[in-house]
Each structure stands twice: as C-alpha cells, then as structure tokens.
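Worksheet: the structure to be examined is printed underneath.
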Amino acid sequence: MTDPTTPKPPDPPTEPPQPSMSPVADPAPEANMVAGAGTATPKKRSNVRAWVVGGTALAVILCCGGAVIGTFNGDESKPTAGASSSPAASPTSASPTTITPTTAAPTSAAPTSAIPSPTKAAPPPKPKPPSYKTLTERQWKLIAKDPDGYLGKTYVVYGRVTQFDAATGTDSFRADVAHRRMAEDYDYETNTILNGSASDLDNLVEDDIFRANVTVLGSFSYDTQIGGETTVALLQVDSIKVL
C-alpha cells in the first residue's frame, strides 16, 4: 500500500501540440532530450528549430515541385517541327469564318466555245447556156450526111414545115431545113425530123417558115407513106421562132 505521508511526485509536463505540417525526421532525437526528473522532455529551442527546418524543407519541396511541373508543361507546350505543320497538333481557338453567298445574277453572254453550225454546201454552178453556131451551106451538108458524127453539137438552122399532123404528134414535125433563110420555099432541100416541147411547138403549123436553135441528136429512120424507109437527121428544138 502507498504511504499517505510520502509526497506525490509532480506530473510530467505535457508536450506542446505539433504543427500540422509534414513531419520532418529529427536527425538526433536524443539530443533534444535532457536528463533529469526521470522523464525525457524536448527542449523549447529544439521545437522552434524543428518548425524552421520543416518550413524550409516544405518551401524547398514546393519550389522543386513547381519547377518540375513547369518544366513538364514547357516541354509539352513546345511545338515540334513535324507537329507545327499539322492542324491537329496546334489547334487554333479562332472561330470559323462564315462565307456569305453572293447573289450576283448569271450573265447571259454567249459561250465562247459554241459549236459552229455546219456550213451548207455551195450549190453546183449552173451550166452555161450553149452557144449556137451559124452554118455555111457546106457545113450543113456534112451534118445531114453524118448526123451521128455531130451528136450534141448546137447550131442555128432555118426551115419550112412539111408535115405536122396527128401522124407526127404534138411534139414532133417534119421539115425541109437549110443553113440560112432561103429566098424561096423550094430552096430548103434537106428532109429533117425535129422534136421539141409541145408548148413551144403549139403555134407551129405546116408551111410555116421558122428559125430554130437546135441540138443534133443523131440519125433517125422512119417508114414512108409509100411503104419505104428513110433515114434523116434528128434535131432537138431548144427554141423556135416563126418567121
């Protein structure tokens, strides 16, 4: 049992509360202790030093951490040569521009590359009208002798109608022909057959004296009324005039 007369030893002093900062290990906790009174108590000066050392260490840690973070941020924000040309590596914050549509009316100018219209072929030149030559008596006798040798030739002849009736038709007639206009009807000596347009020959009858532009068609044979056959020159009437 405890003797009530024995004095009660004093209570050990309570340790002041530690700051909420990160604890820093004291390199020599034993140095902060003092001997005596049977219980180790930290010195007051040691507590102040701990506060100073802890704050300094915390400040150094914060500064070092900020420098490291800044270095990382700087490295990440530094553009590279390859990424500078890529729109995805350096996005811009500019708002997209809006293109206002124009309201200009379309022009009505004809296109310069219009397809040219096909050119029409020029009509063939009209044939020149034939020239009709006048004849001498000898030249006409040569034609009457061999009409096939003068096929297609054009001349001026004169004559007297000897037959133009139902037997000859409306577009053919028989006539005595000469190289020029003769003084007497019997002077037209060469028996000849002439063909032409019925409209051109409509006003022509037997015994008419005429002047005609003709084309030689060759020879022509026909039966006579007495049962014989005769061959004569055949002429195409291109134009005719009653004299």
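The values are calculated or read from the model by the stated rules, or taken from the named source; none is laboratory data. Because the structure is predicted, anything quoted here is derived from the model rather than measured. Cβ: placed from backbone, ideal geometry, glycine included. Neighbour counts: every protein chain shown. In case anyone asks, the SASA skips ligands and DNA or RNA and just uses the protein heavy atoms, side chains included. Shrake-Rupley method; radii C 1.70, N 1.55, O 1.52, S 1.80 Å.
Annotation for VAL205 and SER239: the two label points, set 7 Å from Cα along the Cα-Cβ direction, are 2.6 nm apart. Charge tally for SER197 (other residues, Cβ to Cβ under 15 Å; Lys, Arg +1; Asp, Glu -1): -3. Annotation for ALA167 and ASN191: the two label points, set 7 Å from Cα along the Cα-Cβ direction, are 1.1 nm apart. In the assembled protein chains, THR119 presents an accessible area of approximately 130 Å² (probe radius 1.4 Å). Note down the Stokes-Einstein diffusion coefficient of the range 106-243 in µm²/s, whole number, using a Kirkwood radius over alpha carbon pairs, 10 °C, and 1.306 mPa s. Here the translational diffusion coefficient equals 91 µm²/s.
Protection proxy ranking of 174-186, 217-229, by the mean of other Cβ atoms within 10 Å over each peptide's residues and highest first, is 174-186, 217-229.
Assuming a ≥ b ≥ c are the square roots of the Cα gyration tensor eigenvalues, decide whether the range 153-230 counts as rounded (a/c under 1.5), prolate (otherwise, with a/b larger than b/c) or oblate. Cα axes put the range 153-230 in the rounded bin.
Oblate is the label for the range 140-190, because a/c, from the alpha-carbon gyration tensor with a ≥ b ≥ c as root eigenvalues, is 1.5 or above and a/b does not exceed b/c.
Protein heavy-atom accessible surface, 1.4 Å probe, per residue over the range 132-243: 57 Å².
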